[in-house]
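Q: Take this structure first; my questions come after.
Just so you know, all these numbers are worked out from the coordinates, no wet-lab data involved. Owing to the predicted nature of the structure, the values given are computational and were not obtained by experimental measurement. Don't worry about glycine lacking a Cβ; one is built from the backbone with ideal geometry, like all the others, and counts go over all protein chains shown.
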Amino acid sequence: MNSLKKTARIAGLLYVLMSIQAPIALIYVPSHIMIEGNAAATTNNIHVHEFLFRLSIISQFISTIMFVLLAFVLCRLLRQVNQYQAKLLVVFVVVQVPIVFLLETFKFTSLMIANGEILQTAQTEQKQDLTILLLNMHSYGIMTLEIFWGLWLIPFGQLVYNSGFIPRILGLCLFLGGIGWITSSVMFLLFPAYHPFVSQYIKVTGAIGEFPIMLWLLIKGVRVRKSQ
């Protein structure tokens, strides 16, 4: 039981570290760089706030590394419940790694264009349009990546629910969060006009799904049975 507690708290710590890095790359920096409908201003912001833009790329890489480590630690914690589901959890996380690195390449390329490191003979408007295109490709890629953000929570939720040493309600919350992320991605792909309205509720669902288990793992670890 002490070993499980230690493993659970390591998972909780990795979860928190990942949750700190991800918003920097996906929320904070884009809100300071991206100006919707204004390619010139956005390109200029990338050039002026180059360090901040680079920070978003590094933060995404760190978040992804933490995500992979978290998956393997959770697999070790929960494999006694169901090895197949524990391995499936890892697969749904690991498959995201090459996608994330590809998407961040789009951002890095847009930075090179904004700084005039490449396409030096192209006209200013062409550079600005290409920069926005690359940033949009990154954003659209993140939206489709939400499918995997949801898929990994499904086996995670089932494992927690059946574990016996973590409250079942946390497993149900994870399952709900997983369905929410998948729904968000599907809505973006099929009904983009309704996605902004739906996404605000999805964010709440995701928070409800993941924050409780994150805090439980970090603070409580696992629940000790009285019989022990």
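Q: Tell me the Rg and the Dmax, in Å, that the Cα atoms of region 102-196 produce.
A: For region 102-196, the Cα-based Rg and Dmax read 19.5, 64 Å.
Q: A further question on this structure: Give the span of region 1-65's Cα atoms along each principal axis, as three whole-Å numbers ordered largest to smallest.
A: Taking the Cα atoms of region 1-65, the three principal extents are 58, 18, 12 Å.
Q: Another question about this same structure. Report, in degrees rounded to the nearest 10, the 0 to 90 angle that the Cα long axis of helix 153-163 makes with the longest principal axis of the chain.
A: Roughly 10 degrees, rounded to the nearest 10.
Q: Which of rounded, prolate, oblate describes region 11-103, given a ≥ b ≥ c as roots of the alpha-carbon gyration tensor eigenvalues and a/c under 1.5 marking rounded, otherwise prolate only if a/b is larger than b/c?
A: prolate
Q: Turning to a different aspect of this structure: Work out from phi, with θ = phi - 60° and the Karplus expression 6.51 cos²θ - 1.76 cosθ + 1.60, the ³J(HN,Hα) of each residue of region 100-111, listed in order in whole Hz, and give x for Gly and Pro.
A: 4, 5, 5, 5, 5, 5, 4, 5, 5, 5, 5, 5
Q: Full extension from Arg76 to Met137: what is 0.36 nm times the residue separation minus their Cα-Cα distance, to one decimal in nm?
A: Gain in length upon complete extension: 18.4 nm.
Q: Moving to a separate point now. Across bins of 5 angstrom width beginning at 0, how are the C-alpha pair distances of region 60-132 distributed, in whole percent?
A: 3, 15, 18, 12, 10, 10, 8, 7, 7, 5, 3, 1, 0
Q: Follow-up question, since we're still on this one. Mind ranking 208-218, 32-42, 148-158 by how tightly packed they are, going by the mean number of other C-beta atoms within 10 angstrom, highest first?
A: 148-158, 208-218, 32-42
Q: What is region 34-141's relative contact order, in percent, from Cα pairs under 8 angstrom and six or more apart in sequence?
A: 34
Q: When only C-alpha pairs under 8 Å and at least 6 residues apart count, what is the relative contact order of the chain, in percent?
A: 25
Q: May I ask you to order 167-175, 95-103 by the average number of other C-beta atoms within 10 Å around their residues, highest value first?
A: Sorting 167-175, 95-103 by mean packing, highest first, produces 167-175, 95-103.
Q: Here's another thing I want to ask about it. For Rg/Rh (Cα atoms, Kirkwood Rh), which listed value, (i) 0.98; (ii) 0.93; (iii) 1.05, comes from the coordinates shown?
A: Checked against the structure: label (iii).
Q: Ranking request for peptides 56-62, 115-121: highest mean number of other beta-carbon atoms within 10 Å first, then the rest in descending order.
A: 56-62, 115-121
Q: Another question, then. As a quick test, which of the pairs Lys5/Lys203; Lys127/Lys203; Lys87/Lys220 have an alpha carbon distance above 27 angstrom in this structure?
A: In this structure, Lys5/Lys203; Lys127/Lys203 exceed 27 Å between Cα atoms.
Q: Which whole number of Å³ per residue matches the convex hull of the alpha-carbon atoms in region 177-222?
A: 52
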